[in-house]
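Taking it in order: structure first as structure tokens, then the write-up.
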Amino acid sequence: MCGRFTLTKNREDVAQAFGLHGDPLGQVPEFPARYNIAPSQPVGVIVEDRNSSKRELRLMVWGLIPSWAKDPSIGAKLINARSETVTEKPSFRAAFKYRRCLIPADGFYEWQKAQGGPKQPFYFSMAGSGLFAFAGLWESWNDIETCTILTTSAHSLLQTIHDRMPVILQSDDYARWLNPRLQNARDLKELLQPYPNEFMEAIPVSTRVNSAKFDDALCIKPL
């Protein structure tokens with residue numbers, strides 16, 4: 001699964017990395033460096049406009065609330081969507097078909113079980129600390145836009161810590177994933193694979209990240 005992640009780069013870096021040309025961020029305030037993004041918090045989400053095909057960055061709440069939901073608290077249970085079953089679940093079917101998105105990040109956390117003690121958090125990032133994008137879905141509920149992160153089986157670097165990981169898309173696949181006119185489930189699900197582990201690195205970090213009230217560079221400081 002993916003329950004915490006980071007985005008420490010500024011919006012100009014995000015615009016350059018994800019092809020947001022011109023001034024698509026004019027309606028979005030500057031966002032601070034985030035070292036411990038948690039569910040129910042606002043996150044930056046990139047979508048493609050169906051009419052203009054331009055990419056936009058929006059702020060959405062992490063935790064998808066289906067359009068048909070009567071109680072918004074369901075979002076707390078829908079921070080992740082399993083890629084293997086995403087087309088079967090009523091909560092995600094329509095979003096997978098019509099509302100796919102990129103969720104920019106530069107790292108994420110996962111916890112390793114420990115015998116007789118607290119779980120040990122690890123921080124996963126790209127070698128070189130570059131930006132990447134999770135495959136996401138989004139929905140609109142009573143004028144609130146919300147999102148979820150797709151997950152898949154873990155690659156070998158992560159398997160000793162957890163059996164699931166977020167889907168990280170290859171940059172060459174961004175356009176294909178975002179295109180709202182592409183709706184072939186089989187073709188789209190081909191993109192939802194474990195990211196090659198040779199391009200990633202993992203470090204153990206402090207249990208400080210366990211609390212969402214801590215959101216600073218100490219969260220990613222190696223032990």
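For segment 69-193, compute Rg over Rh where Rg is the Cα radius of gyration and Rh is the Kirkwood radius from the inverse mean 1/r over Cα pairs.
Numbers: Rg = 15.5 Å, Rh = 15.7 Å.
The Rg/Rh ratio comes out at 0.99.
So for the chain, Kirkwood radius off the Cα pairs, Stokes-Einstein at 25 °C and 0.890 mPa s: how many µm² s⁻¹?
Values: Rh = 17.7 Å.
Here the translational diffusion coefficient equals 139 µm²/s.
What lysines sit close enough to Lys221 to cross-link, taking a C-alpha to C-alpha distance under 22 Å and skipping anything fewer than 8 places away on the same chain?
Lys9, Lys113, Lys119, Lys213
What ratio of Cα Rg to 2.2 N^0.38 Å holds for segment 133-188?
Values: Rg = 13.8 Å, N = 56, 2.2 N^0.38 = 10.2 Å.
Compared with the compact-globule rule of thumb, segment 133-188 sits at 1.36.
Which lysines, on any chain, are close to Lys189 with Cα under 27 Å apart, when same-chain ones fewer than 8 places away are left out?
Qualifying lysines at Cα under 27 Å: Lys54, Lys77, Lys89, Lys97.
Scanning the chain for GluC sites (Glu not before Pro) in DSSP loops with at most 11 other Cβ atoms within 10 Å, what's the longest stretch left with none?
Within the chain, the longest run free of exposed GluC sites (Glu not before Pro) spans 89-189.
Give, in whole angstrom and from largest to smallest, the semi-axes √(5λ) of the equivalent ellipsoid of segment 156-209, with λ running over the eigenvalues of the Cα gyration tensor.
For segment 156-209, the ellipsoid semi-axes come out as 29, 12, 11 Å.
How big is the shadow of the Cα convex hull of segment 17-129, averaged over all directions, in nm²?
Here the figure is 10.3 nm², rounded to one decimal.
FYI, it's all coordinate maths here, none of it is from the lab. These figures come from a predicted structure and were not determined experimentally. Don't worry about glycine lacking a Cβ; one is built from the backbone with ideal geometry, like all the others, and counts go over all protein chains shown.
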